[in-house]
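First the structure, in the form of C-alpha cells, and then the observations on it.
The numbers here are math on the coordinates, done by the rules we state, and not lab data. Keep in mind that this is a model prediction, so the values were computed, not measured. Neighbour counts are summed over all protein chains in view; Cβ atoms, including those assigned to glycine, are modelled from backbone coordinates with ideal geometry.
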Amino acid sequence: MKVLNAIEMRKSIRAYETKAVEKEKIDAIVRAGNLAPVFGRFHMTVIENPELLQEINNVTLDMMKHSGNEFLEKRAAEEGYKPLYGAPVMIVLSAPNGNDSNGFNMANVSCAAENMIIEATALELGTCFVMGPMISFANPQLAKRLSIPEGYIPLVGVLAGYPQEPLTGSTRNSSNNITYLK
C-alpha cells in the first residue's frame, strides 16, 4: 500500500476484534514510531496483556466518571462505553517530564504516533489516537506496572487491532482549509 493510500484509509476505530495482532506487525508499527521526525526523546510501552488493558480501561472509566469534566462524565455514562474500545494492543508514548511548556514533547510523541498509525493502516489494522486514557497513569500502582523509565510521563496512546468493520477511509474534505500564496 502506498503511503498516501494508507493516509486516506486511516480513520479512528472504536470497535476491534478480539484477535491478537501478530508480533511482526507490532514490531513494524513501533519501528515506524522510532523513525518519526523528532527532536527529543520519548519511550514506547507496548501493552498486549488483556488483564492489564482491562485494568487501564476500568481505571480510566472510573476517573472519567469522577473527573469534574462534563464531557468526560457524559461520555463515561454512556451504556457500554469502553475508553480502550476493546483494542488488543495499546502503545503508550511517554516523554521526559511530560509535556514541556513549548509543546516539544507532545510534538515528538504525536509525530511518532502518526507514523505508527499510518504503518498500522498499511498493515490493514485499525487504530485510534487516544489521550483520555493517559489519566489512568496518575494511579501510581498502575503507572509502575508499565515499566516507564523514571521521569517519563505518558502523553498519548495508540490503540491497534483488527477492526470489526473494514477500513473504508476517511470522508473528511481536506480542500477547504488550504491557502496558497504565490
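For segment 1-146, the relative contact order works out to 42 percent when only alpha carbon pairs closer than 8 Å and six or more residues apart are counted.
Of PRO133, PRO50, PRO88, the residue with the greatest mean-square motion in the GNM of the chain, using alpha carbon springs below 10 Å, is PRO50.
A value for Cα Rg over 2.2 N^0.38 Å was derived from the coordinates, and within the list (1) 0.93; (2) 1.05; (3) 0.98 it appears as (2). Mean sequence separation of contacting Cα pairs (under 8 Å, at least six apart), scaled by the length of segment 74-182, corresponds to a relative contact order of 38 percent.
Would you mind classifying segment 53-153 by shape? Square roots of the alpha carbon gyration tensor eigenvalues, ordered a ≥ b ≥ c; an a/c under 1.5 is rounded, otherwise it is prolate if a/b is larger than b/c and oblate if not. Note, shape of segment 53-153 comes out oblate. Couplings 3J(HN,Hα) of segment 38-44, computed from phi: 10, 10, x, 9, 8, 10, 10 Hz, in residue order, whole Hz [Karplus 6.51 cos²θ - 1.76 cosθ + 1.60, θ = phi - 60°; x for Gly and Pro]. One decimal place: the segment LEU35-GLN54 gains 3.9 nm when fully extended, by the rule 0.36 nm per residue minus the C-alpha distance. Total lysine pairs in the chain at Cα distances under 21 Å, for residues eight or more apart or on different chains: 9.
Result for the chain in a Gaussian network model with C-alpha springs under 10 Å: among PRO154, PRO83, PRO37, the largest mean-square fluctuation is at PRO37. Extending 7 Å from the Cα toward the beta-carbon at both GLU78 and LYS19 defines two label points whose distance is 2.5 nm. Normalising the Debye intensity of segment 19-108 to I(0), with uniform scatterers on Cα atoms only, and taking log10 at q = 0.13, 0.17, 0.26 Å⁻¹ returns -0.60, -0.93, -1.15. Site pair ASP62 and MET131 shows an inter-label distance of 2.5 nm when each label is modelled 7 Å from Cα along Cα→Cβ. Taking a ≥ b ≥ c as the square roots of the Cα gyration tensor eigenvalues, segment 77-136 comes out oblate, since a/c reaches at least 1.5 and a/b does not exceed b/c.
For VAL130, VAL3, VAL92, what ranking results if the residue with the fewest other Cβ atoms within 10 Å of its Cβ goes first? Can you show the working numbers first?
On the way: VAL130 20, VAL3 11, VAL92 25.
Ranked by crowding around the Cβ, least crowded first: VAL3, VAL130, VAL92.
How long are the three semi-axes of the equivalent ellipsoid of segment 119-182, in whole Å, if each is the root of 5 times an eigenvalue of the C-alpha gyration tensor, listed from largest down? Let's see the in-between values first.
Details: eigenvalues 213, 77, 22 Å².
Semi-axes from the Cα gyration tensor: 33, 20, 11 Å.
The 3J(HN,Hα) values that the Karplus relation (6.51, -1.76, 1.60; θ = phi - 60°) gives for segment 19-30 are, in residue order, 4, 5, 8, 5, 4, 4, 6, 5, 4, 5, 5, 5 Hz. Gly and Pro appear as x.
Per-residue ellipticity at 222 nm computed for the chain from its helices equals -11000 deg cm²/dmol, with DSSP H segments shorter than 4 residues left out and the rest contributing -39,500 (n - 2.57).
Here the Gaussian network model covers the chain, with springs between Cα atoms less than 10 Å apart; of GLU48, GLU79, GLU119, GLU79 fluctuates the most. Spin-label model, LYS2/THR179: points 7 Å from Cα along the beta carbon direction are separated by 3.0 nm.
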